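Throughout, read-outs are computed from the coordinates displayed, never taken from laboratory work. Quick caveat: nothing in here was measured; it's all calculated off a predicted structure. Here the Cβ is made from the backbone with ideal geometry for all residues, glycine too, and neighbour counts use every protein chain on show.
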Amino acid sequence: MSINTQQYLHLKTSINNITLIAVSKTRPTEDISGLYDLGQRDFGENYVQEMVDKYEALPKDIRWHFIGHLQTNKVKFIAPFVSLIHGVDSFKLVQEINKQGEKNNRIINCLLQIHIAQEETKFGLNEDELDDIFGSPELKNLKNIKICGLMGMASFTENKETIRNEFRYLKTLYHSYAQLQLTNCKLQVVSMGMSADYKIAIEEGSNMVRIGSLIFGNRTTINK
Ligand SMILES: *Cc1c(COP(=O)(O)O)cnc(C)c1O
């Protein structure tokens, strides 16, 4: 088992009222169980099949966060149990999540992913696209989805000011929609910050961080 218990406990106490998502992608179920025994309940995964397998194998009071890029044709596999989908980046996906929520007779919580990094490779909405989603007349009719906040990933860079500015921009966007009061849209969550940049994210107003390698050690698989 490879959990950095010391680091985890330190993290837990130092960020106290901020929700900590333990990013367990690529990690074996034993590592998740180990962290579960320390009291952790929120886990993040970014591959559908992997998350489904782990959901089936592990205790049912775990809150599963889908943090990867979600294809519309895969929503149905996680819809019965997912706790929060972080990477929603199109209205088509919003509609599909609502449809699967309806089929499963539940309301599925989501965050809209905003493109804040300079890299082309990171997914997410720009400001206009975000406007379009919140402004869509159809949105208020979707009764089986709830948009609870925004999520973003900063650039992969050593430059702390760049990272800080990107997080600050996300928080500004969040504030500009905080007044929005549709039954199915109430912004409460700003999901930003990973192992390398969570301190900056918290300074810039994050209330949910997604941390993997700091807790579980470096992932050996490239690109995951
Ligand atoms: C992998 C991943 C993380 C965690 O990354 P670490 O650097 O291991 O903390 C957080 N968010 C997303 C979207 C990820 O894919």
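Tabulated results
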quantity	calculated
Segment 158-173 versus segment 80-112: alpha-carbon centroid distance in Å	27 Å
In segment 134-187, the GluC sites (Glu not before Pro) that fall in loop regions by DSSP, at most 16 other Cβ within 10 Å	GLU138, GLU158
Order of MET151, MET51 - criterion: other Cβ atoms within 10 Å of each residue's Cβ, fewest first	MET51, MET151
18 Å Cα cut-off, lysine pairs counted over segment 154-224 (separation 8 or more, or different chains)	4
Burial order of peptide ranges 66-75, 208-217 (average beta-carbon count within 10 Å, highest first)	208-217, 66-75
Fraction of antiparallel bridges per DSSP, the chain only, in percent to nearest 5	5 percent
Cut-off under 5 Å, modelled amide H: who pairs with ASN109 long-range	ILE85, LYS146
Order by protection proxy (mean Cβ within 10 Å, highest first), peptides 26-34, 6-14	26-34, 6-14
Förster radius 22 Å - calculated FRET efficiency between ARG41 and SER213 (Cβ-Cβ, nearest 0.05)	0.65
Whole-number percent relative contact order across segment 5-216, with pairs defined as alpha carbons under 8 Å at least 6 apart	20 percent
Potential lengthening between GLU203 and SER176 on full extension [0.36 nm per residue; Cα-Cα distance subtracted]	7.8 nm
Segments 81-91, 172-182 sorted - mean Cβ within 10 Å per residue, highest first	81-91, 172-182
Structure-based [θ]222 nm, the chain - -39500 (n - 2.57) summed over DSSP H runs of at least 4, per residue, nearest 500	-10500 deg cm²/dmol
